[in-house]
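Trainee: Dropping the structure in here first, questions after.
The values are calculated or read from the model by the stated rules, or taken from the named source; none is laboratory data. Because the structure is a prediction, the values reported are computed rather than measured. Neighbour counts run over all protein chains shown; Cβ positions are idealised from the backbone, glycine included.
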Amino acid sequence: MAARRGADEMRDRVVLGEFGVRNVHTTDFPGNYPGYEDAWDQRRFEEAFRVDVIREEEDTLEFDMVGIDAAIANAFRRILLAEVPTMAVEKVFVYNNTSIVQDEILAHRLGLIPIRADPRLFEYRNQGDQEGTEIDTLQFQLKIKCKRNPQAAKESSDPDELYFNHKVYSKHMTWVPLGNQTDLFPDADFRPVHDDILIALLRPGQEIDVLMHCVKGIGKDHAKFSPVATASYRLLPDITLLQPIEDEAAEVLQKCFSPGVIEIQNINGKKVARVANARLDTFSREVFRHEGLKNLVRLARVRNHYIFSVESTGILPPDVLVSEAIKILMGKCQRFLNELDSVPME
Amino acid sequence: IQADGTDGNCVTFVLHDEDHTLGNSLRYMVMKNPDVEFCGYCITHPSESKINFRIQTRGALPAVEPFRKGLNDLMGVCQHVLSTFERSMKEFRAQK
């Protein structure tokens, strides 16, 4: 029985010790544990797997994936960061730039602006194609000139009053349809996601006149194509009290963890500590600094329960991004399956 | 893909344009197969995007079979994850 419990712990929990982390790697492969059924079984996986959505806001999504392994959860995270395609400014044709911002710096800043355009409507540009066709390119124009305000007061030193158009925002970028794009996308409104991104500052007499080509790309190529502000996951914390902890020790224990994790109940007049909500903890390991408490608590993480947090830049909603990431992983597998079947192996 | 091996049982596949994303998840699916004696992957050099994926089977099973089964199993997992995720999103939005 004790051996079975020990094996269960090794399989299910990643234990945080005082000086290191134990049981990090997945070990439940067939043949490692006698008496356990570890071979892959799709039906058993489907019974144990579930997804719980915790919170959804405009651009953030927090959801739990339970019953999956680290390798696959990490694959989803990596794909969300680097392989889900988006549209971003790639080529900037500078017709006139008399501002203080150099051409290449201006081009770099324009590339990082997120563009609200569904990348699934576009194709990738062919290699070596300089011109760009209407199915793979979006054209934007930024044409702005700063003038002095003749009605400004004599002694005013506020630039907002003295000059017109001295701040160049992303709302000044206008979409220029190419070819038959007006017919292809009749009610589409392609513009940057945020209107108030400051691109450059001008003074009277300076102007910027550029034409921009947006193409479809992936984050692996350049980080500007990444559709998420960030996508991360953490494992569900699991705090076990090995012995009952009372009175001042309970108070100290409560302060060792994040607020809300440990609550103190009054049982028969004594204060007893209880783990209320382990999910909120950030595992600062403060409890290991107290000699009396460090052997009474076991800090662990549940190995197959992942709390994902996806924050989108606004191009696509976060749940669409997760679906696209899963489809991309399927596409990769399909690509190799097709190659296996078509090319004879030697 | 390219394959390289002395006999059909232990083969090293070279997968181009891949990295840890597919390598680690495929390694996990292939290791779950009880016929596989050894499975591992490595990235030959971080500047080149290709991985060496080695499968060694016990018995007389040709190594391509666990590779194919692993890919199919991974497809099945993704399919199920996708449908479960979309169903959960729909339920969450319905009860909000």
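Trainee: If we scan the stretch A:237-247, do we find a residue that is in a strand (DSSP E or B) and surrounded by fewer than 17 Cβ atoms within 10 Å (Cβ to Cβ)?
Mentor: So far as the stretch A:237-247 goes, yes, one or more of its residues are in a strand (DSSP E or B) and surrounded by fewer than 17 Cβ atoms within 10 Å (Cβ to Cβ).
Trainee: Go through the stretch A:51-84 and give me each residue that's more than 7 Å from every other protein chain (Cβ to nearest Cβ), charged (D, E, K, R) and under 17 Å from A:Asp12 (Cα atoms).
Mentor: Once the filter is applied, which keeps residues that are more than 7 Å from every other protein chain (Cβ to nearest Cβ), charged (D, E, K, R) and under 17 Å from A:Asp12 (Cα atoms), the stretch A:51-84 yields only A:Asp64.
Trainee: Among the residues of the stretch B:12-36, how many are out of contact with any Phe, Trp or Tyr (no Cβ under 8 Å at 6 or more places or on another chain), among the β-branched types (Val, Ile, Thr) and more than 7 Å from every other protein chain (Cβ to nearest Cβ)?
Mentor: Number of matching residues: 1.
Trainee: Within the stretch A:48-64, track down each residue that is part of a strand (DSSP E or B) and not basic (Lys, Arg).
Mentor: A:Val51, A:Asp52, A:Val53, A:Ile54, A:Glu56, A:Thr60, A:Leu61, A:Glu62, A:Phe63, A:Asp64
Trainee: Determine if the stretch B:44-52 includes at least one residue that is among the hydroxyl-bearing types (Ser, Thr, Tyr), buried (at least 21 other Cβ atoms within 10 Å of the Cβ), more than 7 Å from chain A (Cβ to nearest Cβ) and over 15 Å from A:Cys333 (Cα atoms).
Mentor: Scanning the stretch B:44-52 turns up no residue that is among the hydroxyl-bearing types (Ser, Thr, Tyr), buried (at least 21 other Cβ atoms within 10 Å of the Cβ), more than 7 Å from chain A (Cβ to nearest Cβ) and over 15 Å from A:Cys333 (Cα atoms).
Trainee: While we're looking at this one, here's another question. Within the bounds of the stretch A:298-319, is there any residue that is in contact with a His (Cβ under 7 Å, 6 or more places away or on another chain) and part of a strand (DSSP E or B)?
Mentor: No, the conditions are met nowhere in the stretch A:298-319.
Trainee: Looking only at the stretch B:54-96, filter to residues that are farther than 22 Å from B:Ile1 by Cα and outside any helix (DSSP H, G or I); which one of those is farthest from the other protein chains (Cβ to nearest Cβ)?
Mentor: That would be B:Ala60.
Trainee: Scan the stretch A:23-43 and tell me whether some residue there is at pLDDT 90 or above, of a type in the set (Val, Ile, Thr) and surrounded by fewer than 16 Cβ atoms within 10 Å (Cβ to Cβ).
Mentor: no
Trainee: Can you report the number of residues in the stretch A:65-115 which are assigned to a strand (DSSP E or B), surrounded by fewer than 18 Cβ atoms within 10 Å (Cβ to Cβ) and in contact with a Phe, Trp or Tyr (Cβ under 9 Å, 6 or more places away or on another chain)?
Mentor: Qualifying residue count for the region: 1.
Trainee: Quick one: is A:Val322 in a helix (DSSP H, G or I), in contact (Cβ under 8 Å) with a residue 60 or more places away in the chain and in contact with a helix residue (DSSP H, G or I) (Cβ under 9 Å, 6 or more places away or on another chain)?
Mentor: Yes; evaluated as a whole, the condition is true for this residue.
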